[in-house]
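Colleague: One structure, pasted below without further comment.
The values are calculated or read from the model by the stated rules, or taken from the named source; none is laboratory data. This is a predicted model, so every value here is computed, not measured. Cβ sites come from the backbone with ideal geometry, for glycine too, and all protein chains shown count toward neighbours.
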Amino acid sequence: MPAQGSYSRHLSRPNELWELDSSPTDLYLSYQDEDGTPKRKRFTLVACIDVFTRRTKIRVAETSNSEVIALLIRDCILDWGVPETFSSKSLFSNKRYSLGKNRSIFKS
């Protein structure tokens, strides 16, 4: 069944809702380790999208972990400003989070 409608239709401004997700890819990157030995490894994409503007940031990492997610959120905040709400079905156990006035994070 084709998708109909728009997930962003209820949004009215940038930074109202960011969605985060990560996925292992079939993308293999070649690199050299510390002793110069060539390696080839599968990496993970960790992405953030501002649903209203559809602007996107993606990090390539060996694995999806809290450090990579925090760095991605930091990069987005520095470039786009502070989000009102961000959510992720896979990264945050299907919860939605908001930033309070004191920039603390809480579940909504």
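Colleague: Sort out which residues of region 52-108 are modelled with pLDDT of 75 or more and assigned to a loop (DSSP other than H, G, I, E, B), and write them in order of number.
Modeller: Correct list: Phe52, Thr53, Arg54, Arg55, Glu62, Thr63, Ser64, Asn65, Gly81, Val82, Pro83, Glu84.
Colleague: Here's something else I'd like to know. Does Asp26 count as at pLDDT below 90 and either out of contact with any Leu (no Cβ under 6 Å at 6 or more places or on another chain) or not in a strand (DSSP E or B) (or both)?
Modeller: For Asp26, the condition - at pLDDT below 90 and either out of contact with any Leu (no Cβ under 6 Å at 6 or more places or on another chain) or not in a strand (DSSP E or B) (or both) - is met.
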